[in-house]
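The block underneath contains the structure these notes are about, expressed in structure tokens.
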Amino acid sequence: MRNLKRALSLALASVMLLGMMVVGTSAASYPDVKDSDNVEAIEVLNAVGVMIGKKGKFDPDAPVNRHEMAAIMARLIMGEDAENYVGSHPFTDVYPWADKYVAACYENGIINGTSKTTFSGNQPLTAIQAAAMMLRALGYEGLQKGADDWRVPVAAKANQIRLFKDVVSASNAQLTRNQVAQL
């Protein structure tokens, strides 16, 4: 876990450093990214290969599912190593393209399934699920211990550290690519 925290710290520092630089060939080249979108966040995440577009578009209003968020989180914490990750997970419903990302996140304690054997990767990613993944990646452990509902302590910690600053969403609402980039 110590190495994971170091890697995440390095990744986040790199993202912040890149955020201060002018990135010339990224979100600005996406014709579907508007000034009202989180252009800086999109540019930085595209530049470091965490969130990239498809077919020349970023599609900022597209909803994100749990498989896609696992891919984003794996790339965020592991960088390029996520693309070649070999690992395992107990879930029987993971799409083949997402298998390596889900395994990377599962083995690093970033994700949980919706049951012991299902990940429900094609299900919408809610803001509270995204917060739980981000908090685990940031090193917050055991937030739900002793809680009847895991969402309550996750929401409290996310609000305390201002994780959702400038992200407009209800906790049970599905996030878009634009909102995930801002998060």
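What is the spin-label model distance, in nm, from residue 173 to residue 141 if the labels are put 7 Å beyond Cα along the C-beta direction?
3.4
Describe numerically, in nm with one decimal, the distance between label points set 7 Å from Cα along Cα→Cβ at residue 162 and at residue 118.
My value for the distance between the label points is 3.9 nm.
In Å, what Rg and Dmax follow from the Cα atoms of the range 136-177?
Using the Cα atoms of the range 136-177, the pair Rg, Dmax is 11.2, 33 Å.
As a quick test, which of the pairs 34/54; 55/116; 55/157; 34/157; 100/145; 57/157 have an alpha carbon distance above 26 angstrom in this structure?
Too far apart for the 26 Å limit: 55/116; 55/157; 34/157; 100/145; 57/157.
Report, please, the projected area of the range 46-141 averaged over directions, based on the convex hull of its C-alpha atoms, in nm².
If I average the Cα hull's projected area over directions, I get 6.3 nm².
Amide H neighbours of residue 65 under 5 Å, counting only residues 5+ apart in sequence or on other chains, H built in-plane at 1.01 Å?
Residues meeting the amide H criterion: 125.
Each value in this text was obtained by applying a stated rule to the coordinates, not by laboratory testing. None of these values were measured; they are calculated from a predicted model. Backbone-built Cβ (ideal geometry, glycine too); neighbour counts: all protein chains shown.
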